[in-house]
Amino acid sequence: MILYRAQVLDTPDDPFRGGGLRHDADAGILVDQGRIVERGSFAHLHARHRSVHVVALDGGLLLPGMVDTHVHFPQVRVIGALGMPLLEWLERCALPEEARLADVTYARAVAAEFVTSLIAAGTTTALVFGSHFAPAVDELFTAAARHGLRITSGLIVADRMLRPELHTSAQRGYDEGRALADRWHGTGRSRYAVTPRFALSATDDLLESCGQLHRDVPGSWFTSHLNENVAEVSTVRQLFGGGTYLDCYDRHGLVGRRSVFAHNVHPTDAELQRLGRARASVAHCPTSNAALGSGLFPLDRHLAHGVGVALGCDVGAGTGFSLFKEGLQAYLLQRVRGEEGVPLGPAHLLHLATAAGAQALGLREQVGDLGVGRCFDAIWVQPAPGTPLDIGLRHANGPDDALAKVFTLATSHDVARVWIDGVPVGAGLAEPAPAA
């Protein structure tokens, strides 16, 4: 067992539904075999467990591990291509890079960069858009398992309107996806997600095979894009002969509790009603929406219809792996929306980056806060002395203000330690020395 001593912040109760920020200035968290077995004041726990090894995390903040609900494995090397809308960016930047992952050696190198970048940013759980090539997806799962990342991912499938080398058939997509699921779904911390790229690049035959695979792999997840860009939405309606974008997935049984749709910037009320009834979730990707000019996310309408919303960095249209940056951008975009915007405080941002993502991925009983019974998936934010974040934290006016400064100023460089299931992960992230 290990007893951690730290200043702890988390959101066990949803701030959008009356919950708030939980703060312990001098907390003790007792971890046994990767699980939190006790939490309380450090003095109280230390008095009860004198013989237990103590790790003192002096200064900074201990937070739950971040949960990213939408990020693209093949796009780590194309971050920062600005000035284009979605479809042009795909054609010029994303898809040529994704085609390179046909080379398994190239894919292996990208997988290593991708997984280490997520962990360095404090992300301990992720729903990942895989690759169009099954061997590359295998490399992603292998890299995630090697580093301990909780990952839900799968083969991307498409059969029209992309580069020909990225196309598949309904049968081949099913067969390759089933083989990957048989190998990885439920193995360690890995799970399988059925992943058509988006309805724009998928015929009904392909989506039907996706529905069949989703049904044939018990406990599998489904993820795709939805209503990201006005031109995309219009083209999808033309291709499918009318109806809504969501209808394209719904007719094949792909809208349910284990469905996570990325973006949904331009939803109809009917789509939001359907998502709410199905208890499906939406991954809000604010830096990507801003960088591609996709639009302003209607968070108020999602909340009104009971649609679960979490954060995704959407690398590589998104501008980096840090969910602190995504939280800040979510805050800014809601401010820009004026009276229609949802006022977001620090607790909302932490919830969106942690517990909301865990809820969307069906992992809320395991991760998302640092309460008793949860896995010890945690990050220690401890900035270097003299940096703006260090100055801000030392002069913060209470826990809410401290957390606001983290979301405003923190980068991956401020994530000093990362744990998954109680195990320190990431290059150079060894366990701190025991307290004297």
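Compute the Cα gyration tensor for the range 271-402, then decide on rounded, prolate or oblate, letting a ≥ b ≥ c be the square roots of its eigenvalues: rounded whenever a/c is under 1.5, prolate when a/b is larger than b/c in the other cases, and oblate in all that remain.
Because a/c hits 1.5 or more and a/b fails to exceed b/c, the range 271-402 counts as oblate.
Kindly state, to the nearest 0.05, the FRET efficiency for A81 paired with S51, given R0 = 45 Å and r defined as their beta-carbon distance.
Here the calculated transfer efficiency is 0.25.
Can you give the relative contact order of the range 262-385 as a percent, counting alpha carbon pairs under 8 Å and 6+ residues apart?
After rounding, I find 21 percent.
Would you mind calculating the gained length between D401 and T187 on full extension (0.36 nm times residue separation, minus the Cα-Cα distance), in nm to one decimal?
Between D401 and T187, full extension yields 73.0 nm more.
Given that just one value was derived from the coordinates, which of (1) 36, 23, 20; (2) 32, 23, 22; (3) 44, 25, 21 is semi-axes √(5λ) of the Cα gyration tensor in Å?
After the calculation, the listed value that fits is (1).
Got a number for carbon plus sulfur as a percent of the chain's accessible area, 1.4 Å probe?
51 percent
Sort all Cα-Cα distances of the range 145-203 into consecutive 5 angstrom bins from zero, then give the percent of pairs in each bin up to the one containing the longest distance.
4, 20, 24, 19, 14, 11, 6, 1
Determine, for each peptide in 284-294, 34-44, the mean count of other beta carbons within 10 angstrom over its residues, then list the peptides with the highest first.
284-294, 34-44
Would you be so kind as to identify which of G211, Y331, F376 lies farthest towards the positive end of the dipole of the chain, taking Lys and Arg as +1 and Asp and Glu as -1 on Cβ and the Cα centre as origin?
F376
Expressed in nm to one decimal, what extension gain is obtained for the pair I391 and S234 from 0.36 nm per residue of sequence separation less their Cα-Cα distance?
Working: separation 157, 0.36 × 157 = 56.52 nm, distance 4.85 nm.
Gain on stretching I391 to S234: 51.7 nm.
As a test of the formula, what do you get for the chain when each DSSP H run with n ≥ 4 contributes -39,500 (n - 2.57) and the sum is divided by the residue count, at 222 nm and rounded to the nearest 500 deg cm²/dmol?
Numbers: 17 runs with 159 residues, N = 436.
Computed ellipticity for the chain at 222 nm equals -10500 deg cm²/dmol.
Full-extension gain between R146 and D58, please, as 0.36 nm times their residue separation minus the C-alpha to C-alpha distance.
That works out to 28.7 nm of additional length.
Label the range 74-193 by shape, choosing from rounded, prolate and oblate, from the square roots a ≥ b ≥ c of the eigenvalues of the Cα gyration tensor; if a/c is under 1.5 it is rounded, and otherwise prolate applies when a/b is larger than b/c, oblate when it is not. Working shown, then result.
Numbers: a/c = 1.95, a/b = 1.14, b/c = 1.70.
Judged from the Cα gyration tensor, the range 74-193 comes out oblate (a/c at least 1.5, b/c at or above a/b).
Could you work out the relative contact order of the chain? I mean the mean sequence separation of Cα pairs under 8 Å and 6+ apart, divided by the number of residues, in percent.
20 percent
The values are calculated or read from the model by the stated rules, or taken from the named source; none is laboratory data. Given the structure is predicted, the values throughout are model-derived calculations rather than measurements. Here Cβ is always computed from backbone atoms with ideal geometry, including for glycine, and neighbour counts include all displayed protein chains. Heavy atoms of the whole protein, side chains included, go into the accessibility calculation; ligands, DNA and RNA do not. Shrake-Rupley method; radii C 1.70, N 1.55, O 1.52, S 1.80 Å.
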